[in-house]
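Engineer: Following this message is one structure expressed as C-alpha cells.
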Amino acid sequence: MLKTVFANHEFENPFLNASGVHCMTTEELDELDHSSSGALITKSCTPLPRLGNPEPRYINLPTGSINSMGLPNKGFDYYLEYVTNTPYTKPCFFSISGMNTDENLDMLRRLAASSFNGITELNLSCPNVTGKTQLAYDFEQTERLLNQVFDSYQKPLGVKLPPYFDFAHFDEMAKILNQFPLTYVNAINSVGNGLVIDLDSEKVVIKPKDGFGGLGGPMIKATALANVRAFATRLKDDIQIIGTGGIATGQDAFEHLLCGATLLQVGTQLHKEGPAIFDRLTRELEAIMKQKGYATIDEFRGKVKSFS
Ligand code: SIN
C-alpha cells in the first residue's frame, strides 16, 4: 500500500530519517536499515571529520526542537566506506555539506569515482556553522554552484533547501532549480536561527551562537507544507520532492504527500522516539488511507484542494 517509486528505486514506504538524526555512526545507520523505514540517509559530511559545536547543542521542546549541532560528522571517507561496503537492504542516500564550493566539488568527484549507486543529497541549508550563511539564501551563489556540480556529476543528486517565506523567493529559487537535472528537492531543513529561552534561569537553552539555532518538529510543519506545496507547483515534473518538517504522525505524513511530496524525512520525532517510530508512522498512514479509501499514495499525492 505504501510502496513508492523515487529516482528509479522502489521503496517499501516513503519514510526515512532526516540527515542529522540517528545517522552519525555505522551502528545507527544499521539500526535504520533494520527498522521499518523505507530508506536511510547518512549524516551530512565534510571532507574531514568535525566535532561540531559545543554542548548543549540539541534540546527537545514541547513543540519540537532547537539545535545548533554545527555539522559534527565522522568525515567523508567513513560514510563512503559504509555506503559502498555494507550490505544494507534498502535505498541509501549520501548527504554532503562542504564548507565551500571546492569541498563540495571534491566530495562529488570522489562519489562519482566510487561504486556508490545510491542518491546524493547536497545540503545547501545548514544554519549552524558560525560565520557561514545558508548557501541557498544566496540565489546567485546557488546557481553558480549547481552549474559547477552538473558540469561533471552525473549520478542522481538532490538538494536540501532551507525554508522560504515569500512567493518571490519560491519563484526565483524554482527558476534556478528548473535549469538543472536534479533528481529531487528536499524541503525543508530546520527553520534557522530561532531563539528559545528558559523562564527560570532567564537563559537561552543551547550554547552555540548565543542560543540561536534551527527549529524542528511540529512548530515548523505549516512552513514545511507551504514549501513542499510551493515547489511542487513550480518545479518541472521530473524533479521529485522530499517533504521534511514536522512529521510526527501519520496525519502529518498524509498532509506532506497531499502537498506533493514523494518521500518523507523524519527528524525531531525520530530523535524523540528512535527508529521504532517508523512502525507507528507506516501503521498510522495506512490507517488514514484505508479510512479514506485510497489503495496507493499516487491516488492522492499532490491533490490538496484550495477554495474555488
Ligand atoms: C547541523 O549539523 O548543525 C545540522 C545540519 C543541518 O541543519 O543541515
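The values are calculated or read from the model by the stated rules, or taken from the named source; none is laboratory data. What you are looking at is a predicted structure, and each value in this text was computed from that prediction instead of being measured. A quick note on method: Cβ atoms are made from the backbone with ideal geometry, for glycine too, and the neighbour counts reach across all protein chains shown. Surface areas here come from the heavy atoms of the whole protein model, side chains and all, with no ligands, DNA or RNA. Shrake-Rupley method; radii C 1.70, N 1.55, O 1.52, S 1.80 Å.
Engineer: Can you confirm whether THR120 is more than 26 Å from PRO14 (Cα to Cα), open to solvent by less than 50 Å² (accessible area, probe 1.4 Å) and either among the polar types (S, T, N, Q) or in contact with a helix residue (DSSP H, G or I) (Cβ under 8 Å, 6 or more places away or on another chain) (or both)?
Structural biologist: Against the criterion (more than 26 Å from PRO14 (Cα to Cα), open to solvent by less than 50 Å² (accessible area, probe 1.4 Å) and either among the polar types (S, T, N, Q) or in contact with a helix residue (DSSP H, G or I) (Cβ under 8 Å, 6 or more places away or on another chain) (or both)), THR120 does not qualify.
Engineer: When region 20-48 is examined, which residues are found to be farther than 18 Å from ALA253 by Cβ, open to solvent by 10 Å² or more (accessible area, probe 1.4 Å) and small (Gly, Ala, Ser)?
Structural biologist: GLY20
Engineer: In region 136-167, what count of residues is obtained for those that are within 18 Å of ALA230 (Cβ to Cβ) and in contact (Cβ under 8 Å) with a residue 24 or more places away in the chain?
Structural biologist: 13
Engineer: Here's another thing I want to ask about it. What number of residues in region 285-308 are surrounded by 16 or more Cβ atoms within 10 Å (Cβ to Cβ) and not hydrophobic (A, V, I, L, M, F, W, C)?
Structural biologist: 3
Listed here are the residues, each with its yes/no results for (1) among the aliphatic types (A, V, I, L, M); (2) modelled with pLDDT under 95; (3) under 22 Å from the mean Cα position of the chain (by Cα); (4) under 20 Å from VAL159 (Cα atoms).
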site: LYS207; (1), (2), (3), (4): no, no, no, no
site: PHE212; (1), (2), (3), (4): no, no, yes, no
site: ALA226; (1), (2), (3), (4): yes, no, yes, yes
site: ASP238; (1), (2), (3), (4): no, no, yes, yes
site: ILE247; (1), (2), (3), (4): yes, no, yes, yes
site: LEU263; (1), (2), (3), (4): yes, no, yes, yes
site: LYS272; (1), (2), (3), (4): no, no, yes, no
site: GLU286; (1), (2), (3), (4): no, no, no, no
site: SER306; (1), (2), (3), (4): no, no, no, no
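Engineer: Being more than 13 Å from the ligand (Cβ to nearest atom), touching an Asp or Glu at 6+ places or on another chain (Cβ under 8 Å), without any contact (Cβ under 8 Å) to a residue 60 or more places away in the chain and over 25 Å from VAL149 (Cβ atoms), is that true of even one residue in region 30-53?
Structural biologist: Among the residues of region 30-53, not one is more than 13 Å from the ligand (Cβ to nearest atom), touching an Asp or Glu at 6+ places or on another chain (Cβ under 8 Å), without any contact (Cβ under 8 Å) to a residue 60 or more places away in the chain and over 25 Å from VAL149 (Cβ atoms), which makes the answer no.
Engineer: Next question, about the same structure. Those residues that are polar (S, T, N, Q) and within 13 Å of the ligand (Cβ to nearest atom), I need them from region 134-177; list them, please.
Structural biologist: GLN134
Engineer: Still on this structure: Looking at (1) surrounded by fewer than 15 Cβ atoms within 10 Å (Cβ to Cβ); (2) among the hydroxyl-bearing types (Ser, Thr, Tyr); (3) in contact (Cβ under 8 Å) with a residue 12 or more places away in the chain, find the lone condition where THR133 falls short.
Structural biologist: The single condition THR133 does not satisfy is (3).
Engineer: Another question, if that's okay. Residue check: is TYR58 modelled with pLDDT under 95 and either within 15 Å of the ligand (Cβ to nearest atom) or touching a helix residue (DSSP H, G or I) at 6+ places or on another chain (Cβ under 8 Å) (or both)?
Structural biologist: no
Engineer: So, in region 258-284, exactly how many residues are part of a helix (DSSP H, G or I), crowded, with 21+ Cβ neighbours inside 10 Å and in contact with a strand residue (DSSP E or B) (Cβ under 8 Å, 6 or more places away or on another chain)?
Structural biologist: 7
Engineer: Could you tell me whether region 119-129 includes any residue that is more than 14 Å from the ligand (Cβ to nearest atom), under 30 Å from LYS207 (Cα atoms) and among the hydrophobic types (A, V, I, L, M, F, W, C)?
Structural biologist: Within region 119-129 (the criterion being more than 14 Å from the ligand (Cβ to nearest atom), under 30 Å from LYS207 (Cα atoms) and among the hydrophobic types (A, V, I, L, M, F, W, C)), the answer is no, since none of the residues qualifies.
Engineer: For region 222-248, which positions are assigned to a loop (DSSP other than H, G, I, E, B) and surrounded by fewer than 23 Cβ atoms within 10 Å (Cβ to Cβ)?
Structural biologist: Matches in region 222-248: THR233, ARG234, LEU235, LYS236, ASP237, ASP238, ILE239, ALA248.
Engineer: Given the criteria over 21 Å from PHE6 (Cα atoms) and touching a helix residue (DSSP H, G or I) at 6+ places or on another chain (Cβ under 7 Å), does TYR164 qualify?
Structural biologist: yes
Engineer: Could you please give the count of residues in region 53-75 that are within 18 Å of the chain's Cα centre (by Cα) and surrounded by fewer than 23 Cβ atoms within 10 Å (Cβ to Cβ)?
Structural biologist: Counting residues in region 53-75 that are within 18 Å of the chain's Cα centre (by Cα) and surrounded by fewer than 23 Cβ atoms within 10 Å (Cβ to Cβ) gives 4.
Engineer: Check region 66-80 and report whether any residue there is touching an Asp or Glu at 6+ places or on another chain (Cβ under 9 Å), in a loop (DSSP other than H, G, I, E, B) and within 15 Å of the ligand (Cβ to nearest atom).
Structural biologist: Taking every residue of region 66-80 in turn, none turns out to be touching an Asp or Glu at 6+ places or on another chain (Cβ under 9 Å), in a loop (DSSP other than H, G, I, E, B) and within 15 Å of the ligand (Cβ to nearest atom).
Engineer: Can we say GLY217 is at pLDDT 95 or above and at positive phi?
Structural biologist: So GLY217 fits the description; yes.
Engineer: Just one of the numbered conditions (1) free of Cβ contacts under 8 Å to residues at least 60 places away in the same chain; (2) touching a Ser or Thr at 6+ places or on another chain (Cβ under 8 Å); (3) open to solvent by 10 Å² or more (accessible area, probe 1.4 Å) is not true of ASN100; which one?
Structural biologist: Of (1) free of Cβ contacts under 8 Å to residues at least 60 places away in the same chain; (2) touching a Ser or Thr at 6+ places or on another chain (Cβ under 8 Å); (3) open to solvent by 10 Å² or more (accessible area, probe 1.4 Å), only one is false for ASN100: (2).
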